2 protein chains.
Amino acid sequence: MSDVFDKCSNWKDYRIAKATGLYPYFRVIEASHGATEVEIEGKRVIMVGSNNYLGLSSDPRVKEAAIKATEKFGTTCSGSRLLNGTLALHEELEGRLAKFLNRESAIVISTGFQTNLALASILGRHDIVFSDRANHASLVDGIRLSFATERKFRHNDMDHLEQLLSQADPGAGKIIITDGVFSMEGDVCNLPRIAELAKQYNARVMTDDAHAMGVLGDKGRGTSEYFGLEKETDLVMGTFSKSFASLGGVLAGPFDVINYIRHKSRSVIFSASMTPASIASALKALEIIEAEPQRRARLLDIAEKMHNGFRAMGFDTGVSVTPVVPVHIGDQVKCFRFWRALHEAGVFANPVIPPAVEAGHALIRTSFMATHTDAQLDRVLDTFETIGRKLGVIPETRPTVYEPVQIARPGTSVRSNKASDKWAAGSAGLLADKGGLTLDQLSRMSSREMAGKLFDAVEQLTWRAANLQAEDLRQLRAAPMKLWEKRGELPGLLLEKGANFFLRNGTDGNSAERT
Amino acid sequence: MSDVFDKCSNWKDYRIAKATGLYPYFRVIEASHGATEVEIEGKRVIMVGSNNYLGLSSDPRVKEAAIKATEKFGTTCSGSRLLNGTLALHEELEGRLAKFLNRESAIVISTGFQTNLALASILGRHDIVFSDRANHASLVDGIRLSFATERKFRHNDMDHLEQLLSQADPGAGKIIITDGVFSMEGDVCNLPRIAELAKQYNARVMTDDAHAMGVLGDKGRGTSEYFGLEKETDLVMGTFSKSFASLGGVLAGPFDVINYIRHKSRSVIFSASMTPASIASALKALEIIEAEPQRRARLLDIAEKMHNGFRAMGFDTGVSVTPVVPVHIGDQVKCFRFWRALHEAGVFANPVIPPAVEAGHALIRTSFMATHTDAQLDRVLDTFETIGRKLGVIPETRPTVYEPVQIARPGTSVRSNKASDKWAAGSAGLLADKGGLTLDQLSRMSSREMAGKLFDAVEQLTWRAANLQAEDLRQLRAAPMKLWEKRGELPGLLLEKGANFFLRNGTDGNSAERT
């Protein structure tokens, strides 16, 4: 007899990650110093793990607007937009966003996540959605909540998209949905080709410009402005938790479509509206985005500095052309160790592991703000170099030449940098294949070499432990005699940090710390 | 060849509602006077359409807390809880909510809607969810996003629930999910029986206490405290946009379950966290909820006053035992006319029509705050009486006797009031059945009687126009000769306000105002 909660009590990853000191999530920010530096465990660290691209979350003008709205309207609207939760401020923001984005109409929704869920109402049983495989989770869920058919195309693969379009029922309603800037790898969608295909196959086009609005295009209107394809893009979505210093989202497009969504979307009509403070913050941020293009220019300069800075050291920043700067690590456990070293050295960045990226393709995601100082940025680069060398991610000396980055500046239309072989292939990782313990291979190595590999393996095994442990133990017991004979030679390091922990967890799954 | 957007441009309800002056949604609040009164179109109205039960959204202490947090941490966290969006304030609120709710652990999520979506992560392919048919839309969507099997039971029908439980695979994981207080009709779930059945069939129990937290129970902990069944209720959910003067939600329960949700739920890890201001507001509201039980007592006194006030006039407030006070109207068009008259008389309440309630069961939903004054409440009652008599919802004289309401006060365990026949049956309404124009009946009436009925019919028809118009016109053309012969006798009222509008809309669907 099973229990709905079994899956929760059987889940060990968290306990193991905590026990190994490799737990990277839910770090508690105790104070903020102008958003570019924050305090964690009493220590001041540089924040390069935020989507606060224009640095407006701590802008005194934005704060002042939020405070005034709170004083005037209170701390919440206590209801949905539909019923009692519409302030004049909501309508003002919608009107100004529609104007800013060159659209007939716009709706603001309580979160960016719910903004994409709101799509479900316009996707009917006879419609087909063509969706990039790397699209944001909220788009995936929005499509799942609809009754439409979904066809996923390989990330930015226009041949695959065309193939799916050509195979679809010509009579069906069609829409192509894509992130504008992809949040993990920092490349830009191929909107020019998407627009051509949409015209050819009679499909609508929507871009999720969460990471593009306020960043791309001469006026900061996002991907479609950047490519000069605003008329060809039917719906544009953005979030306020990135450049807009707030919480919420916007969907802009034809009046009829936005109005329909306003009245029919469950994530709109059954959810309390954006708070007065959040509306006022987004309004003020929009005003600043329009008035201060120099913030966008500075942000793109910073992106260029950081990409090239990393590349000059031998790091691989992949296909990104934006202030999303992913630093390729490869192996998942090494990625966590890299993250921990950054954390200890006072740099706040985020590890990104499968399934958010392909297996063997773990990375440290950095992202930057227009308000970072050059001194802060140099400290970040120096820290990455030290750790990168120590962990063998980059060579001890800088490469003679490197391929300079291309940045998605207004007028360039660049979409991505050429992927290196390393980026494309990822790193296989010692245990990248499930069940592939390669104990035979290990037994052929020197003791020292084996200790190193085995330490990595144990760390990775403990990380993955939940479902693999019993199997792994059986495999260890059946390991080749040669390996078994060498066990006495293994350095103390392995026994101390690896095997002991592993065996303890194998026999007592509940002994790990619970914090 | 169809177009995804066709459904939007073909949707006429909105235009017709606007043109008839019966459009009740997205009313713009221009200013707030202590939350109990707001300004709309320059006019001050009494707000009885909010879920701000304890009136804390305008409490100076709550505002002050929100302002201080904005000053200290800025206007947004610019990221998810998982990565860069966890402040010490988030953890403090979670810790204090867990303690308040007597639970091992609690997680706060950006909206109440997304809090229920977060359930999807713990509902696996082999689990079965037993869900009350009247549960909130966000629970419905949370279950849809999971891979579990859903079994819906009739609203508060414990025999039906038992039947579904007994038919289910005994080996499957099971959970019963129910609203604590149902948001539209104001009754309370039958938690005592649900707890018995859960024990018997080895199922978990979750209550959505959006409308119960801060309202029910001696300490305001919600439905399970109210019934003394906290141990029997595994998960408790609440929202901050009702009693907590904020925006967001909480889910509380066993550590393992909450921790799993924290790491696995897409609506948590892919959405920006609650803003500093919203967290601080909820924290301060919690403090006040704990320190000032008199607010809860006052709220329940107000509920009793209003229920009995309405009942004494001959209104039917149905099964509600809470500060959600639905006033039964019946016919949908009459409901909109009632709403419009309230609006013009300075009372802000919300019309609730199908599919939110059963057909013929339209109602005006009122809900009250602890901070409403008796003078305000009396004005609301007087206004309802005047309009109710004018529209024939209540008789010209007050009934001799009425059944006094039972209120869900601590220690009473009442769940609902006995439904009147009217409530149970709803009002059939002139055109409640699709396609049933009853023109034969009309032709047997006097001209004056017929004019009245036909006016109602035209108003309702225009309301429903989108899909029915062509059909309706055909039916009118085929109406009995006797009716057709009487058409010259119809009062000017009908021609002026009804038929002209109807015919105009019938021939030119696009002429209606678009605002």
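Tabulated data for the structure shown
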quantity	calculated
Segment A:203-353: Cα Rg divided by the 2.2 N^0.38 Å rule of thumb	1.26
Estimated FRET transfer efficiency when R0 is 56 angstrom, pair B:Val414-A:Ser166 (beta carbons, to 0.05)	0.35
Ascending list, in nanometres, of distances separating the A:Arg44 label from those of the other copies (7 Å, Cα toward Cβ)	5.0
Anisotropy class of segment A:357-408 from Cα gyration tensor, a/c 1.5 cut	rounded
Per residue solvent-accessible surface (Å²) - segment A:1-138, probe of 1.4 Å	31
Segment B:328-417: C-alpha gyration tensor shape, a/c 1.5 cut-off, then a/b vs b/c	rounded
Listed pairs A:Lys152/B:Lys264; B:Lys219/B:Lys418; A:Lys7/A:Lys334; A:Lys264/B:Lys242; A:Lys334/B:Lys99; A:Lys199/A:Lys305 exceeding 29 Å between Cα atoms	A:Lys334/B:Lys99; A:Lys199/A:Lys305
Viscosity 0.890 mPa s, temperature 25 °C, Stokes-Einstein D of segment B:186-231 from Kirkwood C-alpha radius, µm²/s	226
Per-copy distances of the B:Pro170 label point, shortest first, in nm (7 angstrom along Cα→Cβ)	5.9
Whole-number accessible area per residue in Å² for segment B:264-367, which is evaluated in the context of all protein chains at 1.4 Å	24
Principal semi-axes in Å for segment A:152-262 [√(5λ), Cα gyration tensor, largest first]	24, 17, 12
Segment A:26-73 - percent relative contact order, Cα under 8 Å, separation 6 or more	23
Convex hull projection area averaged over all views, segment B:280-387, Cα basis, nm²	7.8
Sulfur and carbon atoms: percent of accessible area, segment A:56-168 [1.4 Å]	46
Around B:Trp339: net Lys/Arg minus Asp/Glu count, Cβ-Cβ under 12 Å	+4
Cβ-vector label at 7 Å, A:Met1, separations to other copies in nm	6.0
Shielding by partners - mean other protein chain Cβ count within 10 Å, residues of A:132-138	2
Volume in Å³ per residue [convex hull over Cα atoms, computed for segment A:100-215]	111
Total accessible surface hidden between B and A, rounded to 100 Å², 1.4 Å probe	8900
Pairs of alpha carbons in segment A:42-130 whose separation is greater than 16 Å (percent)	74
Shielding by other protein chains, B:95-106, mean Cβ within 10 Å	0
Minimum 30 Å² accessible area buried by the other protein chains, segment A:11-39 residues, probe 1.4 Å, relative to alone	A:Trp11, A:Tyr14, A:Tyr25, A:Phe26, A:Val28, A:Ile29, A:Glu30, A:Ser32
Value of Rg/Rh across segment B:56-95 [Cα atoms, Kirkwood radius]	1.02
Equivalent ellipsoid dimensions for segment A:242-322 as semi-axes, Å, which come from the Cα gyration tensor, largest first	36, 17, 13
Residue-span extension gain [B:Lys231 to B:Asp301] - 0.36 nm each, minus C-alpha spacing	22.3 nm
Alpha-carbon centroids, segment B:76-138 and segment A:23-62: separation in whole Å	23
Within segment B:324-344: backbone nitrogen closer than 19 Å to the B:Tyr25 label point (7 Å, Cα to C-beta)	B:332-341, B:343
Within-9-Å neighbourhood charge of B:Ala168 [Cβ basis; K, R +1; D, E -1]	+1
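The values are calculated or read from the model by the stated rules, or taken from the named source; none is laboratory data. Bear in mind the structure is a predicted one, so any value in this text is a computation, not a measurement. Heads up, the Cβs are rebuilt from the backbone with ideal geometry, glycines too, and the neighbour counts pull from every protein chain shown. For accessibility, only protein heavy atoms count, side chains too; no ligands or nucleic acids. Shrake-Rupley method; radii C 1.70, N 1.55, O 1.52, S 1.80 Å.
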